[in-house]
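The values are calculated or read from the model by the stated rules, or taken from the named source; none is laboratory data. Since the model is a prediction, treat every value here as computed from it, not as a measurement. Cβ placement follows ideal geometry from the backbone for every residue including glycine, while neighbour counts extend to all protein chains displayed. Ligands, DNA and RNA are excluded from the accessible area calculation, which covers all protein heavy atoms including side chains. Shrake-Rupley method; radii C 1.70, N 1.55, O 1.52, S 1.80 Å.
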2 protein chains.
Amino acid sequence: MKKSLLSLVGAGPGDPDLLTLKALKCLERADVVLYDALVSERVLALIPASTLKVYVGKRCGQHSLNQEAINELIISYSKRFPHVARLKGGDPFIFGRGQEEINYAKKHGLYTEVIPGISSAIGLPTHYGIPLTKRGIHRSFWVLTATDQRHQLGKDLDYAAQSSATLVILMGTRKLPFIVEKLLSHRDPYCAIALVQNGSLPSEKVIIGQLQDILELAAEHQFSSPGIIIIGEGVKDYAAISYEVIRTERPLNTPLSMIRQPMAS
Amino acid sequence: MKKSLLSLVGAGPGDPDLLTLKALKCLERADVVLYDALVSERVLALIPASTLKVYVGKRCGQHSLNQEAINELIISYSKRFPHVARLKGGDPFIFGRGQEEINYAKKHGLYTEVIPGISSAIGLPTHYGIPLTKRGIHRSFWVLTATDQRHQLGKDLDYAAQSSATLVILMGTRKLPFIVEKLLSHRDPYCAIALVQNGSLPSEKVIIGQLQDILELAAEHQFSSPGIIIIGEGVKDYAAISYEVIRTERPLNTPLSMIRQPMAS
């Protein structure tokens, strides 16, 4: 019996044009695609109609399938099909459990490959013209989640606040007040911060503010999770890109705060 | 007179299949492509033969064109052509000076866009099966350069060593002894470390070791710059991917250390 192949594929942040060529070719060849909640409809539309598509998504708070069940499903499909693709949002090895799926598949004798994707942590700032490093100011960037497995703020956030790194925080929008409080103990209240929801998709929402006013702006513009948080000087370059932005009417200390929302159609 | 467009495009780590669809479409449409030393020959081969290709690369130590000259060149070409693409290795907003080029172009009235690429800092670990985050061990990852503008080890490296983050260090292979020394003051000598040179290309070389033996391995296998350094438990998963690896003959404390080199052809 021939060994089947498991391809673990990164779907990128949402825009199908941000898939890699390698990912697209894989999706066109695979017999079955198991996909997550974070994979956009527009990416799914690239999969040939004849390909079996299986939703195995988990949503924060409501687990539809646990990891063990997904692992078993991969093995089960690999017995029926020579090529199983597992499609995950962003990059499959960043804050996913892609490694566990690869290890499980290997243990069961499958060939495996990993196809990188544009991680939303990295690709979305670039997409919006926000450089993660800036000569002489931010010489590094740190990508972290706000909470640990016990849903507490992680200790790394302390080091992060003290460092000069641009910070990209995933899975943190519901902890925003705690994150802002922690950051304010080490960084300037005028420090620039961006909140990005549905990045790169037509429903995108980007809120630009400062540590001192971002909570108010988030409430005012009904920012909800999931989303990513970017903290650093590069956020100020957002406006440098040719996007249409809606300035908030409310007077602010600097001309920095603005919001981008989908245009009325 | 119509405004020209500057597209700042990420070329990814080297393998042309790791370009995004958006980047490929842009390269096919552009009238002229200004490219860096870090863009691989195989990516350049995707650009139509009729497109003007201009090398503006800088190499560590030997600057062929300074940033100001590149900025001027963009403006100069934009006066002759409606669509200028500026192709940079990896992601154009990570440790490049992409933002400066965008700002300069905007100041001169050009339309601008930024097309994300797979950063080698993120994409190469994934490509080699090295997860940057691991549940319960590394809940974050930090991407940094080893040296600051005065060529000294940056202060962030101190915080980085103390944190639980997986570290990805760019432009650091020539400072490897200093980096290892700094890390050993906070992390375990058995801590896993990978060195990647020419990642994703046929000439790739990957050395896997521990903080205690990596200097010896790097010397033995003639590891040279440029390359990336990855420090974290995820490095141990390297072997989980179906790559051919050559184990070093020298006895080691653990079965972890191994090397992958191009096969003799």
(request) Over all directions, average the projected area of the Cα convex hull of region A:90-151 and note it in nm². (result) 6.2 nm²
(request) For B:I137, tell me the accessible area in Å² from a 1.4 Å probe, rounded to the nearest 10. (result) 80 Å²
(request) May I ask for the distance between the Cα centers of region A:102-152 and region B:157-214, given as a whole number of Å? (result) 18 Å
(message) Tell me the relative contact order for region A:1-44 as a rounded percent, counting alpha carbon contacts under 8 Å between residues six or more apart.
(response) 46 percent
(request) Pairs to check: A:K236/B:K79; A:K88/A:K134; A:K22/B:K25; A:K25/A:K88; A:K3/B:K22; B:K2/B:K53. Give those whose C-alpha atoms are more than 25 Å from each other in this structure. (result) A:K236/B:K79; A:K88/A:K134; A:K3/B:K22
(message) Residues of region A:1-45 with the amide nitrogen closer than 16 Å to a label point 7 Å from the Cα of A:S76, along Cα-to-Cβ, please.
(response) A:32-35
(message) If you take the accessible area of B alone plus A alone and subtract the pair, what total do you get in square angstrom, rounded to 100, with a 1.4 Å probe?
(response) 5200 Å²
(request) State, as an integer percentage, the relative contact order of region A:51-195 based on alpha-carbon contacts under 8 Å between residues 6 or more apart. (result) 14 percent
(request) Report, for B:L52, each distance to the same residue's label point in the other copies, shortest first and in nm; define the point 7 Å along Cα→Cβ. (result) 5.4
(request) List the distances, in nm and shortest first, from the label point of B:F178 to the matching label points in every other copy, placing each point 7 Å from Cα along the Cα-to-Cβ direction. (result) 3.8
(message) Using a label point 7 Å beyond Cα on the Cα-Cβ vector, give me the inter-copy distances for B:H108 in nanometres, one decimal, shortest first.
(response) 5.7
(request) Quick one: work out the % antiparallel among DSSP beta bridges in region B:20-98, nearest 5. (result) 20 percent
